[in-house]
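**Q** My questions all concern the structure below.
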Amino acid sequence: MLGASPKFGAIEGNEPVSANEWEDVKKKGNAAIEKWIDDNMKYRSCVIVLVGEETAHRKWVKYEIKKAWDNRKGLLGIYIHNIKDPLLCKHGYNGKSHKGDNPFEQIKSKDGTKLSEIVKCYNPFWFNAYNDIKENLEDWIEEAIEIRKQYK
């Protein structure tokens, strides 16, 4: 899960990537980044993209999405603009950001279909985003895996 800064709880025992870990990997260059993404995705059945304001425009998020789709992984997005960002709160803002663009809009499957027409991108309730995600995440993941099985 690249492209997002809020720290969610672990999913299937996987801790979110820390900013320091990501910065260390980036210093090693493109091949190291690709290997790191590939290694982190290797034994997963689904990839979740946390969609922030800039996520859809990040090179490595696009790589991650393409890699997940090509490797037949379930794929889903979750908009995070309604989740409080401690950095924004610290600077006197309400802690929320603007909704980002759908990162699946720019990427096409082999038959030319935009992934945004296939892959779901969930927008949790603004008033209860954490609980909405917590209560639905398992179902969203299972649905994403089933959707991916339908496409060759």
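**Q** If I ask for residues that are in a loop (DSSP other than H, G, I, E, B) and modelled with pLDDT of 90 or more, which ones from region 132-152 would you list? First the steps, then the outcome.
**A** Kept after step one, since they are in a loop (DSSP other than H, G, I, E, B), are these residues of region 132-152: 150-152.
The one that is in a loop (DSSP other than H, G, I, E, B) and modelled with pLDDT of 90 or more: Gln150.
**Q** Might you check whether a residue that is assigned to a helix (DSSP H, G or I), modelled with pLDDT of 90 or more and surrounded by 14 or more Cβ atoms within 10 Å (Cβ to Cβ) occurs anywhere in region 112-131?
**A** The answer is yes, given that some residue of region 112-131 is assigned to a helix (DSSP H, G or I), modelled with pLDDT of 90 or more and surrounded by 14 or more Cβ atoms within 10 Å (Cβ to Cβ).
**Q** Condition check: of a type in the set (A, V, I, L, M, F, W, C), at pLDDT 90 or above, in contact with a helix residue (DSSP H, G or I) (Cβ under 9 Å, 6 or more places away or on another chain) and closer than 18 Å to Tyr130 by Cα. Does Ile48 satisfy that?
**A** Yes: the conditions hold for Ile48.
**Q** So which residues in region 29-72 are in contact (Cβ under 8 Å) with a residue 60 or more places away in the chain and assigned to a loop (DSSP other than H, G, I, E, B)?
**A** Ser45, Arg72
**Q** Please verify whether region 26-45 includes one or more residues that are farther than 20 Å from Ile107 by Cβ, modelled with pLDDT under 90 and surrounded by 12 or more Cβ atoms within 10 Å (Cβ to Cβ).
**A** yes
The values are calculated or read from the model by the stated rules, or taken from the named source; none is laboratory data. None of the values given here were measured: they were computed from a predicted structure. Every residue, glycine as well, gets a Cβ built from its backbone with ideal geometry; the counts of neighbours run over all protein chains shown.
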